[in-house]
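In what follows, a structure is listed as structure tokens, so that the remarks can point back to it.
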Amino acid sequence: MKGADIKRLIKPEIKRLRPYVAEDTPCSVKLDANESPYGFEAYISSMKEIKTNRYPDPEAKELRKVVAKRWGVSSENILHGNGSDELIHYIVTVFGGPVLYPVPTFSMYGIISRAMGERTIEVPLTDEFDLDLPEILLTIKRERPRLIFLSSPNNPTGNCFSSESIMKIIENSGSVVVLDEAYQPFSSKKGFIPLLRDYRNLLIMRTLSKIGLASLRIGFLIGSPDIIAAINKVRLPFNINSYSQAIAVRILKEKGLIERSIKNIISERERLYSAMSSIKGIRPYPSEANFILFRVKEADRVHKALLRKGILIRNMDGQVKGCLRVTVGNERENSLFLDALDNIVKQGQREALQ
């Protein structure tokens, strides 16, 4: 092949980067991606009113108006993105690094920051999966990060961080604090949106992906209007297509529709947690999200054994030693998972005694 060695032109940080891997493994029960088991296809008409030859509304005005009413803010407080990933990219573009976040957490904070050549600072969580506040505050003072990402409820641990710790980080840093509330709809806590009026360095991310609209790829950033306007300068034009905008507006206007599905997921989460707690050799961690992290002996073996039965969950052993993560599915999916998990664990215990 003629020409220069193109690989030598790839930036060093990209060569070192480990990409996010979304599994596309054939299975009959898919419980690996923190998706809702409930879709809303029956509520979508033919969408004949959408003109395919015209660009979508670049400002997503109607969609932003609907979610603004839902969250009790103004449309000027909201920036729309093609999923949360795009919004993270915009935030890092505007503010730069160093970028600080606790680990384990959503891997895209680090992946996007490193891809953009920014230095990342990782602070391990405590053994209880909470923020190590003294260490974080010391690190903030020493490293002076421009950005701090906090996910609460946190992925993959499922717990909400201490509200007091979050507040101390917001109040005791000169950093922009981005609070990712992707899983807040499943939490018993109300979230931090009411505090936006008091803290200009606070930004909040929300998404429609976890509540049944994952295929639309719609996320939102909420903050003070001047900060949102600054970030909007780097937003790509027409970043949310017309179909996604129209479908989201229609579903969000269906009174109580999404709330009913969320209620079902929370109910199934509690059933799933209770049943898993009764299986000897399994330690599930309490969750405020739509998934449960659990510890099990020989996590890799259990993960593969479940897949042989057609059940796909997420192997988190690389981030949290000995742990797997299961998304809360519908009643049938959860029951199939529980039966399979119980049998696999008992089989492993029998084999260990032989």
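Tabulated values for the structure
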{"item": "Karplus-derived 3J(HN,Hα), 6.51/-1.76/1.60, for each residue of the range 221-236, Hz, glycine and proline x", "result": "10, 10, x, 5, x, 5, 6, 4, 5, 5, 5, 4, 4, 9, 5, 5"}
{"item": "Phi to ³J(HN,Hα) by Karplus 6.51 cos²θ - 1.76 cosθ + 1.60 over the range 21-30, Hz, x for Gly, Pro", "result": "10, 9, 5, 10, 8, x, 7, 9, 10, 9"}
{"item": "Distance (nanometres) between label positions extended 7 Å along Cα→Cβ at LYS168 and TYR20", "result": "3.0"}
{"item": "Karplus (6.51, -1.76, 1.60) ³J(HN,Hα), θ = phi - 60°, over the range 323-337, in Hz, Gly and Pro reported as x", "result": "10, 10, 10, 10, 6, 6, x, 7, 4, 5, 4, 5, 5, 4, 4"}
{"item": "Under 5 Å, built H, 5+ apart or other chain: amide partners of ILE218", "result": "GLY83, LEU208, SER209"}
{"item": "The range 306-354 and the range 226-262: distance between their alpha carbon centers, rounded to Å", "result": "35"}
{"item": "Considering only the range 57-253, percent of DSSP beta bridges that pair antiparallel, nearest 5", "result": "35"}
{"item": "Most fluctuating residue given options GLY318, GLY110, GLY191, as computed from a GNM of the chain linking Cα atoms under 10 Å", "result": "GLY318"}
{"item": "Cβ-based exposure ranking for SER188, SER163, SER75, in which fewest neighbours within 10 Å come first", "result": "SER188, SER163, SER75"}
{"item": "Whole-angstrom gap from the range 264-292 to the range 122-158, using each part's C-alpha centre", "result": "25"}
{"item": "Summed side-chain charge close to ALA68 - residues other than ALA68 whose Cβ falls under 12 Å, Lys, Arg +1, Asp, Glu -1", "result": "+4"}
{"item": "The chain: relative contact order in percent, alpha carbon pairs under 8 Å with at least 6 residues between", "result": "22"}
{"item": "Listed peptides 169-178, 22-31, 133-142 by packing density, highest first (mean Cβ within 10 Å)", "result": "169-178, 133-142, 22-31"}
{"item": "Environment charge at ARG332 (Cβ cut-off 14 Å; Lys +1, Arg +1, Asp -1, Glu -1)", "result": "-2"}
{"item": "Antiparallel bridge percentage (DSSP; both residues within the chain; nearest 5)", "result": "50"}
{"item": "Simple Cβ-charge dipole of the range 163-202, Lys/Arg +1 and Asp/Glu -1, about Cα centre, in debye nearest 20", "result": "100"}
{"item": "Highest-MSF residue in the chain out of GLU270, GLU41, GLU333 [GNM, Cα springs under 10 Å]", "result": "GLU41"}
{"item": "Column: log10 I(q)/I(0), Debye, Cα scatterers of the range 234-308, q = 0.14, 0.25, 0.28 Å⁻¹", "result": "-0.72, -1.14, -1.26"}
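Every number here is computed from the coordinates shown, using simple stated rules; none is lab data. On a predicted model such as this, the values are computed, not experimentally measured, just so you know. A quick note on method: Cβ atoms are made from the backbone with ideal geometry, for glycine too, and the neighbour counts reach across all protein chains shown.
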